[in-house]
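Here the structure is laid out as structure tokens; the discussion comes afterwards.
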Amino acid sequence: MKTYILGLLLLLSSSLYAQTEVLQGVTRGKDYGVVYTLPKTEIHITVKANKITYTPGEFSRYADRYLRLNNVSGEAEVYWELSSVEAVAVGVPDENETYFIKMKDRTSAPLVELTEDGLIKSINVPLAPKSQEKARVEEKSQVRKLNPRDFLTEEILMANSSAKMAELTSKEIYNIRESRNALVRGQADNMPTDGEQLRLMLETLDLQENALLELFSGTKTKEEQTFTFKIIPDKEFKDEVVFRFSKKLGVTDKRNLAGEPYYFNLTDLKSIKIPLEDPKKTKIEGIAYNVPGRAQMTITNKKDFLLEGDLLITQFGIIEYLAPTLFNKNLTTKVYFNPESGSLKKVERE
């Protein structure tokens, strides 16, 4: 992620040291300083589904008669299968929680690291050199697609009916199976001389059998598609329809009543005790950071739980502040933040 390194100057906390002065919002050029934003939580629900296209084989009507394949359909079909459902808490800038850190003379200058979106990542932490990631080229394994008709013998091709062709093809499949069994048992007339040759022979027989079987069982092609739904958890949710799924239509919008609804539930676990606000205290002191609350989340279709777990939600937590004295001239305080939640990860003093 692209980052920016900005200088952060701190203000006097007494006659001897500088104190950090933080204002909420921005100054529109009226003063010098650094602007950063705290994140709020956005839940991203990722749904993966497979589109299956079934094409019947040329001899599908004879699959049960000759090969005892009794679940083969003779009709082409397109249908969907739900593959997986995942949910993650993502930090996005909260426009209502933007802060301005003023710069003044005669103060120390910690380094502030921000994300590309202006979320705070660290203070006084030297930027690590960006590692040059090598472009990784994924080698897709090319599946050898065979034409079943390439394995049909002259006798099969000269047959005068589809039924006869199917009968002869089934016999060819049984012959291939017998040859493979003979090799495995070491009873073949021409046994291979070593293990590698045996492996290649068995692999070839498997390819031939699978190709001929497609003439009866048909073929299926799978195409995976990904859908993302976003929820802003400003409140608890009870049986909120987040998406629908249909075997015929796949993943659909929650307003499409043709699909089965999938429900989203979010319960605040009250892990953070939110104190009462002091009406007299209006001035912000120190560096603001989030203390997120914890919530329990489930996604279900009323019959099964597809997803269940806990998430950190900033909207269910509070905002706290780091003491200004941590950043005076005589101290070097390193602070690490989690940019996804705006929470503290670690504070180090030298």
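With a simple spin-label model that places each label point 7 Å from the Cα along the Cα-to-Cβ direction, the separation between Glu167 and Ser246 comes to 4.6 nm.
When all alpha carbon pairs of the stretch 136-256 are counted in 10 Å bins from zero, the resulting P(r) reads 9, 24, 21, 16, 13, 11, 5, 0 %. Taking packing as the residue-averaged number of other Cβ atoms within 10 angstrom, the listed peptides 79-85, 305-311 run from highest to lowest as 79-85, 305-311. When each of the peptides 285-298, 261-274 is scored by how many other beta carbons lie within 10 Å of its residues on average, the order from highest to lowest is 285-298, 261-274. Available extension along the chain between Lys48 and Ile272 is 77.2 nm, counting 0.36 nm per residue and deducting the alpha carbon span.
Only protein heavy atoms count here; under a 1.4 Å probe, Lys345 has an accessible surface of about 140 Å².
Of Lys40/Lys254; Lys220/Lys302; Lys254/Lys345; Lys51/Lys164; Lys51/Lys235, which pairs sit farther than 32 Å apart, going by alpha carbon to alpha carbon?
Lys254/Lys345; Lys51/Lys164; Lys51/Lys235, as the Cα separations exceed 32 Å there.
Work out the FRET efficiency for Glu203 and Thr228 from their Cβ-Cβ distance, taking R0 = 45 Å, and round it to the nearest 0.05. It comes to 0.65.
The values are calculated or read from the model by the stated rules, or taken from the named source; none is laboratory data. Please read these numbers as outputs of a predicted model, since none were measured by experiment. A quick note on method: Cβ atoms are made from the backbone with ideal geometry, for glycine too, and the neighbour counts reach across all protein chains shown. For accessibility, only protein heavy atoms count, side chains too; no ligands or nucleic acids. Shrake-Rupley method; radii C 1.70, N 1.55, O 1.52, S 1.80 Å.
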